[in-house]
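K.L.:
Handing you a structure now.
The values are calculated or read from the model by the stated rules, or taken from the named source; none is laboratory data. Quantities reported herein were computed from a predicted structural model and do not represent experimental measurements. Note: ideal-geometry Cβ built from the backbone for every residue, glycine included; neighbour counts use all protein chains shown.
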Amino acid sequence: MGRALRRHRGTGRPLRALVTGGGRGLGSAVAERLRRDGGRTAAVDIQAGPGVDLVGDVSDEQFAGEAVAFATRQLGGLDLLVNNAGIGGPSTAVVDTDPAAFRRVLEVNLVGSFLMARAAARCMVEQGSGGAIVNLGSIFGQQGVPGGAAYCASKGGVALLTHSLALELAPYGIRVNTIAPGHMATEMHWEELRSRAAARGTSFEAERERVLEEIPLRCHGSGEDIAGAVVWLASEDAAYVTGQTIGVNGGVILT
C-alpha cells in the first residue's frame with residue numbers, strides 16, 4: 001500500500017471512499033484511480049453502468065442518506081466522499097432561461113453536494129476517526145460567464161459550501177476542499193462546444209481550438225488530472241489542507 005492512500009492518523013488500512021457521479025467522465029476516472037492505488041471504493045450514479053454500485057439521484061435527500069449508509073456497510077466505514085455528480089444545465093441568456101431548468105442545476109450541483117456531505121459528515125463524526133470531503137467545483141464557479149448563470153451560481157455555491165463545512169467539521173478532523181476543474185475532455189464539455197458551434201455557425205473543431213487558445217498548457221484536462229488531485233487531498237501530504245479551492249485548469253487565469 002502506497003503512502004497516498006494511508007490515513008494520516010496512521011491506521012495503514014485502505015482508504016474507504018464514496019464517489020458520486022462515479023459511472024462516467026471525471027467520476028469514473030477518480031473511482032478507478034482510488035481502486036488502482038489500493039483504496040476501497042463505492043460509486044453511485046444516476047444511471048447504471050460498469051463500476052456503478054448504486055443508482056440514484058444525489059439531489060434526493062433519502063437517496064443521499066441511503067448512499068452513505070450503503071457505502072459504509074460495503075466498505076466497513078467511510079474515510080472520503082468525492083462530490084462529483086453534476087449537470088451542465090441551460091446555455092441561455094437569463095431572460096430566456098426556464099426557472100425549472102435553473103432550479104434543477106442548483107438541486108443537483110449544489111443541493112446534492114450539501115445532502116451528500118451532510119450524510120457523510122454525520123457518518124464520519126460518529127466514527128470519530130476524521131475523514132475528507134472533496135467537492136467538485138469549476139472555473140465557472142470562480143468567474144461568471146454569459147449564458148451560464150445556473151451552472152456558475154451552482155458551482156460558486158459549492159465553493160462557499162466548502163468553506164462553511166471546513167470550518168464546522170475541522171474540530172472532528174474532517175477536511176473539506178474544492179477542486180475546480182478547467183476545460184476538461186468530457187462529454188459535458190464537448191456538448192457545450194457543439195452548442196457554441198451551432199449558435200455561432202462555426203464547427204466543433206473551431207470552437208475546440210478557440211478554447212485551447214485560452215489554456216496556457218494548450219491541452220484539455222483529463223479525468224486522471226482530477227483523480228491525481230483527489231488522491232493528494234485524501235493523503236497524508238494534504239493533512240493540513242482544508243477549506244481550499246484548488247484549480248486544476250492548465251493555467252487558465254481568471255479575469
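K.L.:
I'd like to know if segment 202-215 contains one or more residues that are under 30 Å from Ile174 (Cα atoms) and outside any helix (DSSP H, G or I). I'd like the intermediate steps shown before the answer.
P.N.:
Taking segment 202-215 first, the residues under 30 Å from Ile174 (Cα atoms) are none.
No, segment 202-215 contains no residue that is under 30 Å from Ile174 (Cα atoms) and outside any helix (DSSP H, G or I).
K.L.:
Whether any residue in segment 136-156 is more than 25 Å from Asp225 (Cα to Cα), free of Cβ contacts under 8 Å to residues at least 12 places away in the same chain and in the same structural domain as Val19 (by TED's automatic domain parsing) is what I want to check. Break it down stepwise before answering.
P.N.:
Of all residues in segment 136-156, those more than 25 Å from Asp225 (Cα to Cα) come to 146-147, 149-150.
From the residues that got through so far, the ones that are free of Cβ contacts under 8 Å to residues at least 12 places away in the same chain too are none.
No, segment 136-156 has no match at all.
K.L.:
Another question about this same structure. Given the criterion in a loop (DSSP other than H, G, I, E, B), surrounded by 14 or more Cβ atoms within 10 Å (Cβ to Cβ) and assigned by TED's automatic domain parsing to the domain that holds Lys155, identify the matching residue among Val176, Val231, Val241.
P.N.:
Numbers: Val176 fails: in a loop (DSSP other than H, G, I, E, B); Val231 fails: in a loop (DSSP other than H, G, I, E, B).
The conditions single out Val241.
K.L.:
With the structure loaded, tell me whether Val158 is in a strand (DSSP E or B), of a type in the set (Val, Ile, Thr), at pLDDT 95 or above and crowded, with 16+ Cβ neighbours inside 10 Å or whether it fails that test. Spell out how you get there, then give the answer.
P.N.:
On the way: in a strand (DSSP E or B): no; of a type in the set (Val, Ile, Thr): yes; at pLDDT 95 or above: yes; crowded, with 16+ Cβ neighbours inside 10 Å: yes.
No; evaluated as a whole, the condition is false for this residue.
K.L.:
Return yes or no: is Ala197 more than 20 Å from Thr92 (Cβ to Cβ), small (Gly, Ala, Ser) and crowded, with 17+ Cβ neighbours inside 10 Å?
P.N.:
On the way: more than 20 Å from Thr92 (Cβ to Cβ): no; small (Gly, Ala, Ser): yes; crowded, with 17+ Cβ neighbours inside 10 Å: yes.
Spelling it out, it is not the case that Ala197 is more than 20 Å from Thr92 (Cβ to Cβ), small (Gly, Ala, Ser) and crowded, with 17+ Cβ neighbours inside 10 Å.
K.L.:
Hey, another quick one. Out of the residues in segment 202-228 that are under 21 Å from the mean Cα position of the chain (by Cα) and exposed (fewer than 14 other Cβ atoms within 10 Å of the Cβ), state the one that is farthest from Asn83 (Cα to Cα).
P.N.:
This residue is Cys219.
K.L.:
Which is touching a residue at least 24 places away in the same chain (Cβ under 8 Å), crowded, with 17+ Cβ neighbours inside 10 Å and part of a helix (DSSP H, G or I), of Met188, Met124? Spell out how you get there, then give the answer.
P.N.:
On the way: Met188 fails: crowded, with 17+ Cβ neighbours inside 10 Å.
That would be Met124, the only listed residue that is touching a residue at least 24 places away in the same chain (Cβ under 8 Å), crowded, with 17+ Cβ neighbours inside 10 Å and part of a helix (DSSP H, G or I).
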